[in-house]
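Here the structure is laid out as structure tokens; the discussion comes afterwards.
The values are calculated or read from the model by the stated rules, or taken from the named source; none is laboratory data. Since the structure is predicted, the reported quantities are computational estimates derived from the model, not experimental observations. When we count neighbours, we look across all protein chains shown, and the Cβ atoms used for this are built from the backbone with ideal geometry, even at glycine. The area values use the complete protein model at the heavy-atom level, side chains included, leaving out ligands, DNA and RNA. Shrake-Rupley method; radii C 1.70, N 1.55, O 1.52, S 1.80 Å.
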Amino acid sequence: MRLRRRRATELAAVGSGQSRVYRGERLAPALMLAPSVVILLALVIGPFVFLIDTALHRQNLFQTTPPRYVGADNFYYLFISTKFQVALVRMLVFAVTALAAEFVLGFVLAAWVHRLRDLPGMAIVRTLLTTPILVAPIVAAVMWRFMYQPDFGVINYILGLVGIPKPGWLSDPDIALFAIIAIDVWQWTPFVFLIVLAGMYAIPRSLYEAAKLDGTSPWRQITHLTIPWFKRVLVIVLLLRLIDLLRAFEVIVATTQGGPGDASYTLPVLVWETAFVNFQMGDAAAASLVLLVIVTIVITLLIRAISRQGVVGQGRR
Amino acid sequence: MSEIVGVTLQGVSKTYAGGNVAALNTIDLEIRAGAFFSILGPSGCGKTTLLRIIAGFEYPSAGRVFIGERDVTALSPRERDIAMVFQDYALYPHMTAAQNMTFNLRNRRVPKAEIARRLAETASILGIEPLLHKRPALLSGGERQRVALGRAMIRKPQIFLMDEPLSNLDLKLREQMRIELSRLHQALGVTVVFVTHDQAEAMTLSSELAVLRGGTLQQMGPPDRVYARPANIFVARFIGSPSMNLLRASVRGGRLVMESEGTALPVPADARLQEGEALLIGVRPHDLKVGRKGEGGLAVKVALTEHLGRHNFVVCHPVGGTACLHEQDAIQFETEASVRYPVGTELELSAAPDALRLFTPSGERRDEAP
Ligand SMILES: Nc1ncnc2c1ncn2[C@@H]1O[C@H](COP(=O)(O)OP(=O)(O)OP(=O)(O)O)[C@@H](O)[C@H]1O
Ligand SMILES: [Mg+2]
């Protein structure tokens, strides 16, 4: 009741042009927002601060000694360790190779399905091609581990039938990383495929027909029509995949856990191993901060490069 | 420049996969070299299908397509040496106007100097030099239209196909582009196949036109001939605006007598009509004249006058009821702008005998020999 009367006087004040609003009234919106802001801070900034704090301490969950402040020591030891350098290289090889494969394959598949779109049964092909996305990554990893199994796995069984030597897919250090890349490619090419295909469907049919009349070869159709048409979408897919690939770790942990040796030892695996195998929380926190910074830098550079090219925010029609 | 040729369709039919009715029904067309040929008809009658078959985007279910002497039925669009202006222009959005126009030449590796020469030439014909560096998004509808035309022209193809190229433009621009198209056709002397559902466009532009309905060819010929001697009541009503009036009548005592009405019109001299024969009489609004009372004619009551500047169109209802009208509920006639009839005025309309078009009750032309 009192509240309503106050509201009424306030409205009257506004209405008559007077702006004598109580301080309490002005604070009200801020107070109402406060709970959400606090929750947001607690959920986002909180863990981040905690992570930085952890990275500045030496702490092993197996020992009862309390965390000891060590300044930047954790970072220093991380940077000089060969493990870190190996992990960095493996991470980049993993991300770049998988990204390239997923894009090339996704594009080729989409172009193929789009070209044959009027054939009967194409809807089924499209659905089949997209099912891998639906599989949980951990399930995919376990499934592939079985298929890669050297002695009774289906892949080597088929190779045996043809009479090709059977490699130890996940146990051969030269092959392991690429075998894992294949799993990621299997799972995520459909994502690229789907978005590229959607982009192709969005191109008016008459544009392709005009291109046909203009005597455009199928290859030039892709480079001069399809790609320029949805450059922006491609860039966004590229960013999404890259972020995911730089952080990928379930598939590695579920198959080789970074091995054999350090063949598939990427930075996220290093973080995982340091934290949950060795329980060195300070070192793990430092490594994950470095990972975060790397991802951020890569993304920022890419977005810069792209917006300089005028792809972002450019009108399409 | 490649030699100018025509297009011939022989018994072309098309049934789309999944469609149960034929989009086109055994069409025979002869498009002469250098003609401005319009394909005219209401929405869904198969105009676009016909054009796409000529272009090679669709293959006919039956029949053959010739460009000049060459049977192109099985050839791909690329091999047919045609250019097409699409209804939505289909300009490449990421290319400038110049790049759009030269894409075809660049695809075929025409030397750079030659491309530049042809671009300059085409741009100056169309008056679009200032637009060449702009992308389609920055062009107005009319400018896009010109660039699309330029893209087609620069290749100097044997045949130009145009699918309702003017339908996206506003009225004023459309009239302007009509004149321009006409001029271009004369200047280039090429064969143009032009699809439209706008009869006025077809009438003013074409040297010859074909009227389609439901996938079937209704009539083909020069516009004035089709206008003057429509093959059936569909063509009669589709061509000319406002539409031809159709009246039910029968021959009694050597005169045409309206159904339900008793008014009589003089019989056209050359028609050999049989006593008692039922007919449909077609008469264009500008052929109906107001006669003096009691002279005999169709008695009507004025319902509405549309002022159109130079002319008025008067809409009126027959005094004796609408039973004498065929699939319409009012009669229209044209008067001078200075002549005004208040609503409710009773008039008697008549027409000169040779202004009457006679059709059988089923709608076919009758005034040919029976
Ligand atoms: N790809 C297709 N598949 C199935 N049926 C089609 C296809 N294209 C057109 N049709 C059908 O064929 C008939 C003729 O279509 P068409 O597009 O040629 O008509 P149109 O005269 O160009 O009409 P509009 O003036 O509306 O453009 C229509 O009944 C249409 O539904
Ligand atoms: Mg059409």
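Any chance you could tell me what percent of the C-alpha pair distances in chain B go past 30 Å?
So the pairs more than 30 Å apart make up 49 percent of the total in chain B.
Work out, step by step, the length gained on full extension between residue B:229 and residue B:328: first 0.36 nm times the residue separation, then minus their alpha carbon distance; give nm to one decimal.
Once the chain is fully extended between residue B:229 and residue B:328, it gains 33.6 nm.
With viscosity set to 1.002 mPa s and temperature to 20 °C, compute the Stokes-Einstein D of the stretch A:136-261, Rh being the Kirkwood radius across alpha carbon pairs; µm²/s, no decimals.
124 µm²/s
Counting alpha carbon pairs within less than 8 Å and at least 6 residues apart, what relative contact order, in whole percent, applies to the stretch B:243-359?
Details: 266 pairs, mean separation 38.9, N = 117.
Relative contact order, the stretch B:243-359: 33 percent.
Can you pull the accessible area of residue A:97 for me, 1.4 Å probe, Å² to the nearest 10?
The accessible area comes out at roughly 50 Å².
Leaving out ligands and nucleic acids, and using a 1.4 Å probe, what accessible area per residue does chain B come to in Å²?
Numbers: 16170 Å² over 370 residues.
Accessible area per residue: 44 Å².
With the crude spin-label approximation of a point 7 Å out along Cα→Cβ, what separation in nm comes out for residue A:124 versus residue A:151?
Each label point lies 7 Å from its Cα, and together they span 3.9 nm.
Near the amide H of residue B:191, under 5 Å away, which other amide H atoms are found, from residues 5 or more places off or on another chain, if H is placed in the peptide plane?
Distant-sequence amide H within range of residue B:191: B:5, B:34, B:160.
Percentage of Cα-Cα pair distances in the stretch A:236-280 greater than 13 Å, rounded to whole percent?
57 percent
Rank B:362, B:140, B:250 by accessible area, highest first, at a 1.4 Å probe radius?
On the way: B:362 95, B:140 55, B:250 10 Å².
Descending order: B:362, B:140, B:250.
Mark the label point 7 Å from the Cα of residue A:250 along Cα→Cβ and return the residues of the stretch A:113-136 whose backbone N is within less than 19 Å of it.
A:130-136
Counting protein heavy atoms only and a 1.4 angstrom probe, how many square angstrom of accessible surface do chains B and A bury in total, to the nearest 100?
Using a 1.4 Å probe on protein heavy atoms, the buried area is about 2000 Å².
Which whole-number percent of Cα pairs in the stretch B:243-359 have a distance greater than 26 Å?
15 percent
What value, in deg cm²/dmol to 500, does the helix sum -39500 (n - 2.57) over DSSP H runs of n ≥ 4 give at 222 nm once divided by the residues of chain A?
So the helix-based figure for chain A works out to -22000 deg cm²/dmol.
Per residue, what volume in Å³ does the Cα convex hull of chain A take up?
Value for chain A: 288 Å³ per residue.
With charges set only on the Cβ (+1 for Lys and Arg, -1 for Asp and Glu), what does the dipole of chain A come to about its Cα centre, in debye to the nearest 20?
On the way: 28 positive and 17 negative charges, 404 e Å.
The calculated dipole for chain A is roughly 1940 debye.
At 1.4 Å probe size, with no ligands or nucleic acids counted, give the accessible surface of residue B:81 in Å², nearest ten.
About 50 Å², ignoring ligands and nucleic acids.
Evaluate peptide A:283-292: per residue, the Cβ atoms of other protein chains within 10 Å of its Cβ; return the mean as an integer.
0
Give me, ordered by chain and number, the residues 5 or more places off residue B:345 or on other chains with an amide H under 5 Å from its own placed amide H.
It is B:302, by chain and number.
Find the Cα radius of gyration of the stretch A:183-317, compare it with 2.2 N^0.38 Å by division, and give the number to two decimals.
My calculation over the Cα atoms of the stretch A:183-317 gives 1.43.
Please report the antiparallel percentage of the DSSP beta bridges confined to chain B, to the nearest 5.
Taking every DSSP beta bridge within chain B, about 75 percent pair in antiparallel fashion.
For the protein assembly as shown, what is the number of Lys pairs with C-alpha distance below 25 angstrom, counting only pairs 8 or more positions apart or on separate chains?
Qualifying lysine pairs in the protein assembly as shown: 16.
Determine the shielding of peptide A:200-213 by partner chains: average, over its residues, the number of Cβ atoms on other chains within 10 angstrom of each Cβ.
What the average comes to for A:200-213 is 6.
In peptide B:82-90, how many Cβ atoms from other protein chains are near each Cβ within 10 Å, on average?
4
Search the structure for amide H atoms under 5 Å from the amide H of residue A:70, placed 1.01 Å from N in the peptide plane, and list their residues when 5 or more places away or on another chain.
Amide H neighbours of residue A:70: A:57, A:58.
With just the Cα atoms defining each centre, how far is the stretch A:74-123 from the stretch B:142-195? Give it in Å.
Using only Cα atoms, the two centres lie 48 Å from each other.
Can you compute the label reach from residue A:217? Point 7 Å from Cα along the Cβ direction, backbone N cut-off under 18 Å, restricted to the stretch B:26-61.
Backbone N within reach: none found.
With r defined as the distance between the Cβ atoms of residue B:306 and residue B:354 and R0 fixed at 30 Å, what FRET efficiency is calculated, to the nearest 0.05?
Taking R0 as 30 Å, the efficiency between residue B:306 and residue B:354 is 0.65.
Convert each backbone phi in the stretch A:256-272 into a coupling constant with the Karplus relation 6.51 cos²θ - 1.76 cosθ + 1.60 (shift: θ = phi - 60°), then list the ³J(HN,Hα) values in order as whole Hz, x for Gly and Pro.
Rounded to whole hertz, the list is 10, 6, x, x, x, x, 10, 4, 10, 8, 9, 4, x, 5, 4, 4, 4.
With θ set to phi - 60°, apply the Karplus curve 6.51 cos²θ - 1.76 cosθ + 1.60 along the stretch A:128-142 and write out the HN-Hα couplings as whole Hz, x wherever there is a Gly or Pro.
So the J values, rounded to whole Hz, are 4, 5, 9, 4, x, 4, 6, 7, 5, x, 5, 5, 4, 4, 5.
Please compute, for the alpha-carbon atoms of the protein assembly as shown, the extent along each of the three principal axes and give them in descending order in Å.
Here the spans come out as 125, 88, 53 Å, largest first.
Each residue of the stretch B:248-259 in turn: what ³J(HN,Hα) in whole Hz from Karplus with 6.51, -1.76, 1.60 and θ = phi - 60°, glycine and Pro shown as x?
Ordered by residue, 3J(HN,Hα) equals 8, 8, 9, 8, 9, x, x, 10, 8, 10, 5, 4 Hz.
Given +1 on the Cβ of Lys and Arg, -1 on the Cβ of Asp and Glu, and no further charges, what dipole in debye does the protein assembly as shown carry about its Cα centre, rounded to the nearest 20?
Magnitude of the dipole: close to 1980 debye.
Accessible area of the protein assembly as shown with a 1.4 Å probe: how many percent of it is carbon plus sulfur?
Accessible surface attributable to carbon and sulfur in the protein assembly as shown totals 61 percent.
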